[in-house]
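Down below is the structure, laid out as structure tokens.
The values are calculated or read from the model by the stated rules, or taken from the named source; none is laboratory data. What you see is a predicted model, and the numbers here were worked out from it, not measured in a lab. Ideal geometry is used to build each Cβ from the backbone, glycine not excepted, and the neighbour counts take in all protein chains shown. Each accessible area value is taken on the protein alone, full model and side chains, heavy atoms only, with ligands, DNA and RNA left out. Shrake-Rupley method; radii C 1.70, N 1.55, O 1.52, S 1.80 Å.
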Amino acid sequence: YAFKLKKRKYVCILLDFKIQEVIDLISSRRMVHLLKYFYDIPKEERIRVKNVSMDMWHIYREITQVYFPMMYV
């Protein structure tokens, strides 16, 4: 999800839809910030992700392909 926090400022919200809770709020949806954020999550934890849902922001798709390649098998 992208959420407009302030004028011209978007953030990225990570949700757990199963328990309907916010996991984290990333202060920017820019590629460099998202790459850093997901790089810091151990691969063992990322491979447990079963589904990803996102809006049409192209960077989200690119990030998912890099850090969650199991979604594209």
Helix 58-67: inclination vs the chain longest Cα principal axis, degrees, rounded to 10, gives 30
In nm, spacing of pseudo-spin labels at E44 and I23 (7 Å Cα→C-beta vector) = 1.7
Helix-derived mean residue ellipticity, 222 nm - over the chain, DSSP H n ≥ 4, -39500 (n - 2.57), to 500 | -8500 deg cm²/dmol
Residue-normalised value, i.e. accessible area per residue, for the chain at 1.4 Å probe, in Å², stands at 83
Quick one: pull the percent of accessible area on the chain belonging to carbon and sulfur, 1.4 Å probe, ligands and nucleic acids left out.
-> 57
